Structure formats: structure tokens, C-alpha cells
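Just so it is clear, none of the values below were taken in a lab; they were calculated from the coordinates. Quick caveat, the model's predicted, so the values are computed rather than measured. Because the Cβ atoms are built from the backbone with ideal geometry, glycine has one as well, and the counts that use them run over all protein chains shown.
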Protein chains: 2
Amino acid sequence: MTPQPGSAGDVLTLISAGSATTRSDLARLTGLARSTISQRVDALIERGLVEETENGESTGGRPPRQLRLHTEDHAFAGVDLGATHCRVALMDISGNVLAECEDSMLIGEGPEKVLAHVDQRLDRLLGTAGRPRSALRAIGIGVPGPVEFATGRPNNPPIMPGWNDYPVPDYFDGVEVLVDNDVNVMALGEHRNSFADAGHLLFVKVGTGIGCGIVAQGRLHRGAQGSAGDIGHIRVSGHEDAGCRCGNSACLEAVAGGAAIARRLTELGLAAETGADVVALVQAGNTQALRLVREAGRLIGEVLASLVNFFNPEVIVIGGALSRVHEHLLAGIRETVYRRSLPLATHHLSITPSRTGINAAVLGAGMLAIEHYLSPDNINRIVNA
Amino acid sequence: MTPQPGSAGDVLTLISAGSATTRSDLARLTGLARSTISQRVDALIERGLVEETENGESTGGRPPRQLRLHTEDHAFAGVDLGATHCRVALMDISGNVLAECEDSMLIGEGPEKVLAHVDQRLDRLLGTAGRPRSALRAIGIGVPGPVEFATGRPNNPPIMPGWNDYPVPDYFDGVEVLVDNDVNVMALGEHRNSFADAGHLLFVKVGTGIGCGIVAQGRLHRGAQGSAGDIGHIRVSGHEDAGCRCGNSACLEAVAGGAAIARRLTELGLAAETGADVVALVQAGNTQALRLVREAGRLIGEVLASLVNFFNPEVIVIGGALSRVHEHLLAGIRETVYRRSLPLATHHLSITPSRTGINAAVLGAGMLAIEHYLSPDNINRIVNA
DNA sequence: GTAACTTCCGCCGAAGATCGAACAAAGCCT
DNA sequence: AGGCTTTGTTCGATCTTCGGCGGAAGTTAC
């Protein structure tokens, strides 16, 4: 059932969201008596979930004791698995990064090897942060492919050989594990860290391919089969000749993705294989590369213009490898969206580069873990145990 | 705050959703003691919200007393305002239509005249249904244009002269009034009446123009400015010559809407002005009209293919005037969507004509009113008053 | 037909949760 | 220093919920 209002979990949610920092705040917000709130807070302190800090500002009377999430004793991990990299961040309960690391890693080596790698990194990070393994409460993992979120099993991922239907959470003992598509966790990370008050947000990742994470009413929209946001294979007009690995032609990804731009640069006699090569060329001032990136922006903008009309978001965030040259990409996107979408939808729309940048995925994966752990239901379970 | 679990409102929700029809069911579902449930139910019966009916089937012991929403004493209205018509339905608390009516009416005559018309129809319907005016608890209204849902004020509607920013709810005294875009209420009506267990649904209305209502996680998605679902002005490829009333060209509506098809038929020397004329020609077996409708289906399908990749719905419902010839429209839509969308997204996707048909809007508007009235918060307010 | 069994429902005392008043604590203001 | 204001705690009163008991109303077995 839905959580009890004013329950311990509810109280903790208000504290973690920053809506309330004192007992009086909580009493006002929940409508419960001060004595009841004290009781709840005591229970949360006893369980090590909340701590009191030095007194706050007096407003003419006794200064209130500040409350905040107890950052010791608990740890959470965000894991960002890419085709060729692995980033892990250890966070405390309020989302601050305690330690992080990054290395090259090939996801194609299969789940056992990759997860062993992650596990080892986790141990090391726990060591540097000085927390025991038992402090780790939940792990969020973003992977480069579709996932059945409820079970944490990848669902026919094209670039993750050996991972199909592999039960990722089972690999870790005694910890809750949440697995989601990388673009989804990036959207979550960006929303929670930079646009927490926006109700509806799109995170567009422009890298080798193109994908999109959707936040609707503050929550991730995954769709019926968990495949929502797969905008890389939306058709764009006037590029019927561009074949895509999905079998169709004129897919957005096949004409505006990093790999596609690199291919076209190669045709022009420039050495480029990946999105990173494209970025390097643009940063070196190559006009051909710059032109193609801007053109890609216009094509992405054409698709986004449709999605703006349809979804009417408040914010569109552009991330991924190519957002490193976001001035050029954004110019093309903005130009097209503002020309092709309805004024009512674009009037209060902002289109910005990612603020969390390269960390969007680890942060989002960590938030996924933390929010799961802090959900009122889970907290009530812990407190009443 | 969130409603109390197992509160009177919660209990009523379970009854109204049909999840529970006896006190024992409620006890099982809520986890509350049987005695507590009895107390809740008594309160609801006392307030006239629930009634007991004759005994149900015994399962080996004493047969349970059936519970259901008390259909007397309350009434709700759904109002469907179109450019040239007005439909009103009076419903009881469980959504059954008690009486309905339909007449021609020009929305351009302005809010005072139109709402007076609605008010008069309401009185007449209340009379035939034998209920006093005081029984009317809430009214839902669907209008052909954008609305700021929170305030019930139309927001620069193109085909509703005189309505801009008019506070529709203020016109009615002592009744709660909810105003929303017509496509949104149609989506709601179709979802609640035919696809209640689908989480994500799109309702596409193909009439003079083209619009879309979005149900995400069982709730209407209205977007940041309430303009979500405005797919009529999404660009379709290969029709740059087709100018649209919005100022852009190649808008979906400008090439596949009823008005656009009629215009092209006129160019071919056939008498057609509206979507209804197109339908008549198709039904008369005119091959030109049939070809154009099928072609329109393909164009709509092209846009929907994008939206399927992006949103990953479970169901797409096709409604509106042109859905009367849905065999032809759907053929084009299905063909394109299944070819252009990703297999993972289309595998469990069903694309069907509207089952509620012409009544989608009134039913949806009524559901909007009923659901507002039956929301746990509102019921708790009533019971605790 | 009757006895045993099952399920449903209301009653009531016990246990638990919440409230609010009273009081103590801690700083501000004059 | 003494009053004022706001915060936090203690504690008895009140309200809510629980769960056992018994009566009601059927079904099943014999």
C-alpha cells in the first residue's frame, strides 16, 4: 500500500529533499504534533539514518537543532558501464561523492569478468573512503543497452555480447542492485543534480549513437517494454541513402551520430573513427568537422522539434561525447527546434548542455540506488524492523 | 500530504476500481483488521457514498454482503464541446450514463452563450434522470483547444474566439469544474473504458486536424505548458509544398488531416469540404478518396513510428471523425509503424480503432469529474467533515 | 433433517498511536 | 536581570486500530 503520511519514511523524505531541516519544519509540513515528530526523528536517529548538527539560526527564540541525513555508516555506489569504459563512484546518503575511479574496460568480455572488475573497484573505493563493505546498501548500474528494469536483466543488447538475460543483481550478495539503461540514469543524474524542480525533462545523449532519457513528473519514463527514449532510429527526411545497422535507412543515428560523422569525415579524407576523433577535429578548428557537427545538430533538432510538440518538456539537456563541442551542436539544435516547434511549447523551454557532463551517468546511477533505499516504504521497513 | 493508507478514501478507491466488492476483500487488500474495515465502510455508507446490495455467492460459509458505489444522490456531467457541436452526458458515480444529449452549437459564439447552453442542457438531463440539481457534484469539460488545466482557462485557442483566458469554472456555482483539451479527455475516456490495465496509451484523433492524448502510468500527461500531444504540426518528409495555418510547411495536419484530404479531393474535382465529406466519399466507394485516406494513414504512421520509439506505449487508439473509415486509415498506419519502429517497442504494441467512438470525449470528461470527486483526498475531506 | 463446518460481521476490551498541555531549555531583547 | 519567543521533551488523555469472541447465515456431510 501507499506509505503512511507522516510516517518515518515520509519524514525522512522531507529531510533528504531539503524541504525540512528542523523538527519544527517537519511539524509544520506534515501537520503532526511536535511530540510525534520528535518520536519519529528519534527513531530515525537511533537507526543511524539522521543526525543532529550544531544549532541553527535563532529566529527570536531557542535556536532549532538542525537535522540532516547521517552520512556515515551508509554508502551507495553508482556504476557507469560503457562499451569501453567503467566508472564507479561511491556516495554517501545525500549524494556526495566520497571516492570515484575510472578505467578502460571492454563490456564485451561478458558479465562475469566485468562485474568482477566492478566488485574489485568497489572494494578499493570503500577502502579509500574508510567504510566497511557492510556499509554498502545499494548499487545503481547504467549499462549501454536495453534492460528489463524490474529484474535487472539486459534485454537483447546489441553491443553487450553475453549479457542477454543475465541476472546482474544476483552477482552481488546482500546489496540491492538496480540496473537501468545508461541514458536513463544520465537523465536522472542531470535532473536531480541540476533541474530538480523541472517536472518534465529530456536528456539527449549524442555519442557514437543517439539516445534519450525521459523524466516525466519527476520520474523516469521507461515505457511499456522499457525501450522508451530510443530516438536513434527515428527517421529524418532527406537521407534515404544512409543505411543504419538496424536495417532501416535514414535513422537519426545513421546520419547524426558520432560514428556517422566520423564516417563522413573519413570519406572526405580526414582520419576519424569515433565520436572522440570528431570532437578532436572540431576543437582543432577543422571547418569540415565543424560544419558536419552543426548539420548533425540541425538533424537532431528536427527530431527534437517533433518530440517537443509531443511531450512538451521544460528542459532538454544535451550530453554525451559530442556535447564537448556543444556550442556547435546546440546552435543547430536550437535553430531547428525553435523554428519547427509550437510557440506555446518552446516559450518556456530551455535547451542546455549537460552540467554534470561526464559524471551524469555515475551520479544518476547512484541516485537510483539512494532513492530506492530512501523510499518511504523501504525506510518504514527498516525503522519498524 | 499523501492520503492515509486504508483511509476511507483509499477504501472507496478499491471499491470504485472493482478491486474489492466485500468487506473481506477490503481487509485482505488493505491489511487492516475486519473491524476497522467495517468502521470505514459504515462511514462511507452513512455519507451516501457506498451501498450494500443483496448477498453474493457463498464460498462455503456465510455469503458476503456486496458493496458498490451508491449510484443515487450523486451525479456527474461530461461535456464535449467541439467547433460545431455540444454533447453532454449525465453519469452516476460509477460512470454509467444516465442521460445524454447532442446538438449543434458554434463554439465561436463565446463562452457566455455556450456555457448557458450547456447549463440548460444539464438542467434538462437532470430532469429526465430525476435528480435534483444539488446532486451534481462535478463537471468535466473537453474543449477544442489548449487549456491551463489548473485554472480551467483556455490558453490562446485558435478556433475558440472570445474564450482566451476565460475562467470557465467560475461560470458554474457550487460545482467543481474541470476543463481540459478534448484530445486529453478522449484519451482518458478510452483508457478508462477499454484499456484500463494498459499503463501507457496514446489516443490519436484524426478529424479536421490531428491531435494526440497521452496517458503515462495511467495518468494524463499534459506537459510543462499543457500543450503536450500537439502532434498535428510535426513535420513529415516530402511535403515541403504543403503550407499549414500555423505558418510552417509540411505539418502532419496540413497533409493528412481531414481538411487537407478534403482540399486535395476538391482539387481532383470532387465536392468535399470537411472530414465528414471525406468519410462519405470513402463509404460511397470512391477510390480517389480511399487512396488519399490510406496515404494519410501512412503519413500519420510515419509520425507515430517516431513516437513509438520515443514513448514506447502499449496501445495506440485511433479516433476522431476519420476513424469511421478506420480500416483504411489503420492499414496505412500499421504498415508504417511496424516497418519503421523498433521491434522491441512494437512487439507488444496494439494499434486499434477507438471502441468508445463518438462518446470518447463525453465519457472521458465525465471520468475526469468522477475521478476528481473520488480522489482519496477529496473523499477523506468529505467523510471527516 | 440435522450436525458440523465455513465464512461473514458486529461488539468490546486491550494495545498502540497521536495529541496537546505543561514544562524545561536556550537564545534574543530591553 | 527579567521577560519574550521559539524549540524540544514529558506525560496523561484521547482517539484509532487490533484481534478474539459470539452470533448470523450459508454449505456440506451423513
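Considering every residue in B:230-237, what mean count of other chain Cβ atoms within 10 Å of its Cβ is obtained?
Numbers: counts 8, 3, 2, 7, 11, 9, 3, 8.
Rounded to a whole number, the mean comes out at 6.
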Subject >> Options B:Asn312, B:Ser341, B:Ala289, ranked by Cα towards positive dipole end of segment B:191-355, top entry (Cβ charges) >> reply: B:Asn312
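Averaged over peptide B:334-347, how many Cβ atoms belonging to another chain are found within 10 Å of each residue's Cβ? Write out the running numbers ahead of the final one.
Numbers: counts 0, 0, 1, 0, 0, 1, 6, 6, 9, 5, 9, 9, 2, 3.
For peptide B:334-347, the averaged partner shielding equals 4.
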Subject >> Across the identical copies, how the B:Pro161 labels are spaced - nm, sorted shortest first, 7 Å along Cα→Cβ >> reply: 6.8
**OP:** Please work out the FRET efficiency for the pair A:Ala150 and A:Arg219, using the Cβ-Cβ distance as r and a Förster radius of 22 Å; give the result to the nearest 0.05.
**Re:** 0.90
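Using the crude model of +1 on Lys and Arg Cβ and -1 on Asp and Glu Cβ, and no other charge, please compute the dipole size for the protein assembly as shown relative to its Cα centre, in debye to 20.
Values: 66 positive and 84 negative charges, 41 e Å.
With only Lys, Arg, Asp and Glu charged at Cβ, the dipole is about 200 debye.
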Subject >> DSSP-assigned coil residues among trypsin sites (Lys or Arg not before Pro) in segment B:279-385, each with at most 14 further Cβ atoms within 10 Å >> reply: B:Arg355
**OP:** Classify segment A:189-357 as rounded, prolate or oblate, taking a ≥ b ≥ c as the square roots of the eigenvalues of its Cα gyration tensor: rounded when a/c is under 1.5, otherwise prolate if a/b is larger than b/c and oblate if not.
**Re:** prolate
Original post:
Between A:Cys212 and residues 5 or more places away or on another chain, which pairs have amide H atoms under 5 Å apart, with H built 1.01 Å from N, and which residues are they?
Top reply: A:Lys205, A:Ile231
Original post:
Looking at the axis that maps chain B onto chain A, which chain B residue has the closest Cβ, and how far off is it in Å, rounded to a whole number?
Top reply: B:Ser237, 1
Original post:
With r defined as the distance between the Cβ atoms of B:Gln66 and A:Ala33 and R0 fixed at 45 Å, what FRET efficiency is calculated, to the nearest 0.05?
Top reply: 0.70
Subject >> Spin-label model distance (nm) - B:Arg133 vs A:Asn55, 7 Å beyond Cα toward Cβ >> reply: 6.2 nm
Original post:
Under the Karplus relation 6.51 cos²θ - 1.76 cosθ + 1.60, θ = phi - 60°, what is the ordered set of whole-Hz ³J(HN,Hα) values for segment B:218-230, x standing for Gly and Pro?
Top reply: x, 10, 5, 9, 9, x, 5, 10, x, 9, 4, x, 7
Subject >> Whole-Hz ³J(HN,Hα) from phi, Karplus 6.51 cos²θ - 1.76 cosθ + 1.60, for segment A:109-125, glycine and proline x >> reply: 6, x, x, 4, 4, 5, 5, 4, 4, 4, 4, 5, 4, 4, 4, 4, 5
Original post:
Shortest first, in nm, what separates the label point of B:Arg263 from those of the same position in the other copies (7 Å along Cα→Cβ)?
Top reply: 3.7
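How big is the dipole moment of chain A about its Cα centre under a simple scheme where the beta carbon of each Lys and Arg is +1, that of each Asp and Glu is -1, and everything else is neutral? Debye, nearest 20, please.
On the way: 33 positive and 42 negative charges, 167 e Å.
Magnitude of the dipole: close to 800 debye.
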Subject >> Using θ = phi - 60° and Karplus 6.51 cos²θ - 1.76 cosθ + 1.60, couplings along segment A:245-256 (whole Hz; Gly, Pro as x) >> reply: 5, 7, x, 8, 10, 6, 5, 3, 4, 6, 10, 10
Subject >> Nearest-0.05 FRET efficiency for B:Ala17 and B:Thr274, computed from C-beta distance (R0 51 Å) >> reply: 0.80
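Run the numbers for A:Asp197 and A:Asn96: contour at 0.36 nm per residue of separation, minus the present Cα-Cα distance, in nm. Write out the running numbers ahead of the final one.
Values: separation 101, 0.36 × 101 = 36.36 nm, distance 1.93 nm.
Using 0.36 nm per residue and subtracting the Cα-Cα distance, I get 34.4 nm.
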**OP:** Just tell me how shielded A:216-224 is by partners: mean number of partner chain Cβ atoms within 10 Å of each residue's Cβ, no decimals.
**Re:** 6
Original post:
At B:Asp103, label 7 Å along Cα→Cβ: distances to the other copies, nm, ascending?
Top reply: 7.9
